[in-house]
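Before any comments, here is the structure.
Derivation of every value follows stated rules applied to the coordinates shown; laboratory data play no part. Model, not experiment: these values are computed from the prediction. Here the Cβ is made from the backbone with ideal geometry for all residues, glycine too, and neighbour counts use every protein chain on show.
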Amino acid sequence: MIQSTAKKKAATLAAVLALTCTGAQATTYRYTGASFTAFGNYTAAPCSAGSCANFTPALSATGTFSTAVPLAASLPPSTDITPDITSFSFSDGLTTYNSSDPLTNLMRAYAETDATGAVTAIDIYVQRWQSGTLQAVGGRIDTLVLGHASASAYHDVYCTLYSNPPTLAKAAGGTCTGFGQDTNTSFALVNAGALPVPVAGPPSAPSPASVPTLSHFGLLTIGLLACAIGMATVRARPQSAAWRRLS
């Protein structure tokens, strides 16, 4: 009887600890921007460098990024969350920027959150080398900036300042830290941004009819380990000196 009671108490404690640590799970945030409203079309006839294309009012900046743990509550303005992002996928309607693509670089990612952890400000800048282009000064790239107040995209610009190895990138290629426009370049802008919101996770799978049982000491150990891992993962984010802006 005493052993049964102890086992029940240990199971209850393990469950409580597991629930306490559920905030340490991976989280995906979705950005859904408004349609572009201002445009600059390429004028080269025919296109003489890179892959030319024009934006349309039907296009917008959208995408997702994932973090190992939810963004902490009360992050101050300009907090650098680049190290926290484990994967991302964004699109401006013409170009897809994916963290698994070696031609894509995550140049910056800043965020601010409120007391509940909801994102209240965001600034993400990604770039992608066009396929087949030279990854150096003169190479052709596409860029996208997603913000809480606006979003902008440039297609087929040329690199004016190149850095290798990358210091800000999530991918293997070098980074272009400056670019210029010519008659092959197009751009799009919307002076209305969006805020990333967490994507709802899949529903929990039903428990199997029967599972192997653990001793009450095993249950307690698992609960303590789960909590310890969650507490060790959550850390303070460094604060950036100021918001950076795309030139």
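A few remarks follow.
- Neighbour net charge for Thr120 - beta-carbon separation under 13 angstrom, K R +1, D E -1: -3
- Total formal charge among the other residues, if their Cβ is under 15 angstrom from that of Thr43, Lys/Arg +1 and Asp/Glu -1: -2
- Given charges at Cβ of Lys, Arg, Asp, Glu: the stretch 91-164 dipole, positive-most of Ile141, Ala151, Thr96: Ile141
- FRET efficiency, 1/(1 + (r/R0)^6) with R0 51 Å, evaluated for Thr116 and Asn41 via beta carbons: 0.75
- For Ile141, the shell of other residues with beta-carbons less than 12 Å away shows a net charge of 0, using +1 for Lys and Arg and -1 for Asp and Glu.
- Taking 0.36 nm per residue of sequence separation and removing the Cα-Cα distance, the Thr96/Tyr162 pair yields an extension gain of 21.6 nm.
- Measure of compaction for the stretch 27-198 (Cα Rg per 2.2 N^0.38 Å): 1.02
- Take the Cα of Ala136, step 7 Å toward its Cβ, do the same at Asn191, and the gap between the two points is 4.2 nm.
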